[in-house]
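Below is one structure; the comments refer to it alone.
The values are calculated or read from the model by the stated rules, or taken from the named source; none is laboratory data. Please read all numbers here as calculations on a predicted model, not as lab measurements. FYI the Cβ positions are ideal-geometry reconstructions off the backbone, even for glycines, and counts take in every protein chain you see.
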Amino acid sequence: MTVADDIPLAKPARAGKATQPFPIRRVVPGVLTTLIVVFCVAPFLLVLAISFGRKVDGAAWVWDLTFENYQRFFVGVLWPDEITLLYLQQLYYSFYFAVIASLLAVLTALPFTLLLTRLKRSTQAMWLVFILSSLAMSEVFIVMGWDILLSNNSGLPKLFRETGLTAWLKDVGWFQTLRDWGLANPRNVKFKTSDFATVLTMSYLVWPYAVILLYPALSRLDPSLAEAARTMGAGRWTVTRTVTLPSIRLPLLGTTLLLFVFLLGTYVAVTVFAAPEKHTTAVAIYSNVRGANLNAPFGATQAIMLLIAASTCLSLGHLLNRKAEGAR
Amino acid sequence: MAHMNRRTVLKSGVAGLAASTLATPLIAKSRSVRIGSYGGYFENSFKEFVYPEFTKATGITVESVTQPNSSDWLVTMQQALVAGGMPTDISLYARDTMIKASRIGDIIAPLDLTKIKGASNLDSYFVFEGKGGPQGVGAMSWFSAMVYNPNEVKTPASWADFWDTNLFEASLGLGRVYNAGLLDFTAATFFDGEETLMSDEGVMAVIEKIAELKPNVALWWTAESQMEQSMKNGDVVAGQYYLDVANLMALDGHSIKPTFPKEGNLQDYGSWCLTAGSDKADEAAEFMNFSSDPAVQALMSRKIGTAPLVDKSKTDLTDDEFNFVSGAPAIKPAYEAYLDNETFIKESWDKMLAGA
């Protein structure tokens with residue numbers, strides 16, 4: 001349970017002599033520590049404590065000290081009679097979507113940002129302001145937009161139908177393949193629900209972050225390095241592979257990891273665009289904490305497991321990076 | 001006003017100030033009550049048509065409070081009450097949420113039915129007896145009905161039609177949450193209804209039947225607006241949706257039509273519940289009394305599209321008006337199963353959806 005005594009609280013600054021100046025150097029760290037404890041550590045400990053609670057069927061949950069929720073996460077509620085990997089599968093899809101979408105965002109943002117740094121200063125500034133301002137749009141808003149763009153009567157499927165692409169697909173027989181893949185109904189193509197729509201929206205969501213995170217590193221790239229390599233006869237691709245990419249390896253990896261962690265918690269895009277088979281831990285957490293169920297302890301358990309999995313990934317990324325650094 | 005100078009202006013200003021200060025205790029004495037209802041069109045209709053009538057009849061003013069829905073509101077209320085707040089005096093809860101609130105305790109208060117004479121107009125099923133007495137008076141009911149796009153498909157005669165892949169491949173919009181209705185529809189169509197859902201084996205049999213339906217579902221919706229958009233956009237051509245909203249959409253010219261298949265549609269209802277610790281018990285009782293009146297039930301049916309909780313013969317609703325909001329047969333949700341066996345049903349349902 002929560003052991004409040006262990007929380008390192010700032011010691012109250014001892015009242016010094018009246019003549020001494022305000023001990024700002026000692027107070028500021030104390031205040032910062034208090035803020036971190038109140039706003040980060042305490043909520044986290046609360047979630048941890050709730051994850052050991054017990055759900056009462058037909059009512060809410062009560063405080064307890066049970067590991068049943070953690071057991072349920074791995075094998076399901078009916079264990080040992082029956083085993084389900086449902087919750088591990090949800091965790092897998094959290095990673096699946098976050099990895100693909102963050103890689104896609106970084107891979108597409110990289111050439112864009114590289115080109116951006118070669119523009120005039122004023123043009124660069126305009127682009128950056130535009131990209132920064134697009135961050136003001138919330139996830140809900142973006143998902144709504146893509147929802148309409150992918151809708152049958154107003155979006156991409158309509159374009160397919162009006163341009164005769166749907167009819168052509170039916171003629172050549174590829175339409176049946178799309179139906180088998182779940183990307184069409186008997187009438188027209190459909191992109192909801194699909195991995196395509198989910199990944200697309202998720203990458204779109206973090207794309208501005210990718211540009212903004214990559215921009216400082218790319219704008220500091222010394223063009224003379226690449227030019228020198230070119231004068232020595234290296235092709236464009238060789239230059240990119242052996243000069244440009246290695247020199248931005250660290251920001252590239254950092255950006256991908258940051259976006260990946262950010263995307264692990266995506267909720268709206270997954271609820272709307274992913275098929276129920278591929279719903280993620282974030283969606284499951286919400287459906288337990290809110291909604292009809294009121295099973296906050298199990299929701300908290302899933303949140304803790306997601307956190308542990310994400311931290312493991314980050315540590316692995318860090319380790320790999322250290323190894324690569326050492327190998328050089 | 002001819003002799004108006006700076007001094008008289010100042011004087012009248014002071015007088016005005018004094019008058020407004022004097023008036024304050026009068027405002028405080030006037031009676032008021034805070035009532036929660038589901039936000040959007042629903043709440044607006046209450047504010048526009050029902051609350052003014054109530055104020056006219058009793059002199060009690062109503063402050064409307066927006067609830068997102070029933071179950072999320074229970075979480076909000078629970079947290080607010082623990083924190084010492086009270087967002088509303090009367091909340092609107094669906095039956096299962098109300099039972100949960102009653103079991104959790106200290107969220108809804110017992111009611112004095114002697115002050116709510118009108119409740120006798122309602123079927124006794126709609127007056128909920130919880131811990132320590134009556135805790136909820138039926139407010140209105142709504143149907144979760146079969147809907148279809150008349151331009152794309154013929155009127156389905158039975159829920160069983162939804163299983164026909166030739167008719168509905170990747171074309172249906174159904175509720176994503178386990179207690180949204182599909183379990184009840186399926187149990188009523190292929191099994192013995194509510195009774196089947198009372199045992200674990202029954203639940204599994206129904207869920208296995210629903211698994212066969214998955215290739216025909218294009219949308220598993222959680223928010224009402226998802227289904228609304230998908231019907232409008234043509235992403236789905238049939239499914240389940242609220243009867244009254246479907247009728248309203250049809251009136252607006254959208255290609256959607258609700259229908260009562262031979263097994264029926266799901267009827268759920270909402271109850272007014274008094275918040276525990278509220279000092280507005282009398283005002284709340286007067287409101288519940290008012291809303292149980294057949295005339296008010298008819299008013300809500302006409303203006304909000306809810307089904308009345310009193311017998312049609314007690315109201316002055318015409319057949320057309322009644323059929324717009326209600327119908328037969330009505331399937332009652334298996335509340336008891338959903339409450340007492342919820343962890344098992346939820347996990348089995350989620351497993352089926354996830355294919356795990």
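Computed values, structure above
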{"read-out": "Per-region count, the stretch A:250-290, residues assigned to a helix (DSSP H, G or I) and more than 9 Å from chain B (Cβ to nearest Cβ)", "value": "24"}
{"read-out": "Check on residue A:119, within 13 Å of chain B (Cβ to nearest Cβ), free of Cβ contacts under 8 Å to residues at least 12 places away in the same chain, of a type outside the set (Gly, Ala, Ser) and outside any helix (DSSP H, G or I)", "value": "no"}
{"read-out": "Qualifying residue in the stretch B:61-78 (condition: within 18 Å of residue B:284 (Cβ to Cβ), crowded, with 19+ Cβ neighbours inside 10 Å and either more than 12 Å from chain A (Cβ to nearest Cβ) or of a type in the set (Asp, Glu) (or both))", "value": "yes"}
{"read-out": "Condition broken by residue B:92, with the remaining ones in (1) in contact (Cβ under 8 Å) with a residue 24 or more places away in the chain; (2) under 30 Å from residue B:203 (Cα atoms); (3) within 12 Å of chain A (Cβ to nearest Cβ) satisfied", "value": "(3)"}
{"read-out": "Top-ranked residue in the stretch B:318-338 [being surrounded by fewer than 22 Cβ atoms within 10 Å (Cβ to Cβ) and not in a helix (DSSP H, G or I); ranked as farthest from the other protein chains (Cβ to nearest Cβ)]", "value": "B:318"}
{"read-out": "Search result, residues across the stretch A:294-317 that are surrounded by 23 or more Cβ atoms within 10 Å (Cβ to Cβ) and either facing another protein chain (nearest Cβ under 10 Å) or in contact with a strand residue (DSSP E or B) (Cβ under 7 Å, 6 or more places away or on another chain) (or both)", "value": "A:294, A:295, A:297, A:298"}
{"read-out": "Members of the stretch B:339-354 found to be within 7 Å of chain A (Cβ to nearest Cβ) and of a type in the set (Val, Ile, Thr), listed by number", "value": "B:343"}
{"read-out": "Flag for residue B:206 being in contact with a Leu (Cβ under 6 Å, 6 or more places away or on another chain) and either in a helix (DSSP H, G or I) or surrounded by 20 or more Cβ atoms within 10 Å (Cβ to Cβ) (or both)", "value": "yes"}
{"read-out": "Only one of B:108, B:116, B:104, B:99 that is over 20 Å from residue B:339 (Cβ atoms), in the same structural domain as residue B:277 (by TED's automatic domain parsing), surrounded by 15 or more Cβ atoms within 10 Å (Cβ to Cβ) and β-branched (Val, Ile, Thr)", "value": "B:116"}
{"read-out": "Within the stretch B:86-120, considering residues that are part of a helix (DSSP H, G or I) and touching a Lys or Arg at 6+ places or on another chain (Cβ under 8 Å), the one farthest from residue B:290 (Cα to Cα)", "value": "B:103"}
{"read-out": "Condition met for residue B:244 (in contact (Cβ under 8 Å) with a residue 12 or more places away in the chain, among the acidic types (Asp, Glu) and in contact with a Lys or Arg (Cβ under 8 Å, 6 or more places away or on another chain))", "value": "no"}
{"read-out": "Qualifying residue in the stretch B:209-228 (condition: of a type in the set (Ser, Thr, Tyr) and more than 27 Å from residue A:270 (Cα to Cα))", "value": "no"}
{"read-out": "Condition broken by residue B:128, with the remaining ones in (1) outside any helix (DSSP H, G or I); (2) touching a Leu at 6+ places or on another chain (Cβ under 7 Å); (3) hydrophobic (A, V, I, L, M, F, W, C) satisfied", "value": "(2)"}
{"read-out": "Which listed residue, of A:221, A:225, is away from every other protein chain (no Cβ under 14 Å) and not in a helix (DSSP H, G or I)", "value": "A:221"}
{"read-out": "Residues located in the stretch A:30-87, provided they are part of a loop (DSSP other than H, G, I, E, B), under 27 Å from residue B:98 (Cα atoms) and within 14 Å of chain B (Cβ to nearest Cβ)", "value": "A:53, A:56, A:57, A:58, A:59, A:60, A:63, A:77"}
{"read-out": "Of residues in the stretch B:163-200 being aromatic (Phe, Trp, Tyr) and either away from chain A (no Cβ under 14 Å) or in a loop (DSSP other than H, G, I, E, B) (or both), the one surrounded by the fewest Cβ atoms within 10 Å (Cβ to Cβ)", "value": "B:191"}
{"read-out": "First in the stretch B:286-309 and on the phi > 0 side of the Ramachandran plot, second anywhere and of a type in the set (S, T, N, Q), Cβ under 7 Å, 6 or more apart", "value": "B:305/B:247"}
{"read-out": "Enumerated helices (runs of 4 or more DSSP H) restricted to the stretch B:214-313, each holding at least 1 residues that are of a type in the set (Phe, Trp, Tyr) and closer than 23 Å to residue B:48 by Cβ", "value": "B:281-291"}
{"read-out": "Count of residues meeting criterion [of a type outside the set (Asp, Glu) and more than 14 Å from chain B (Cβ to nearest Cβ)] in the stretch A:155-176", "value": "10"}
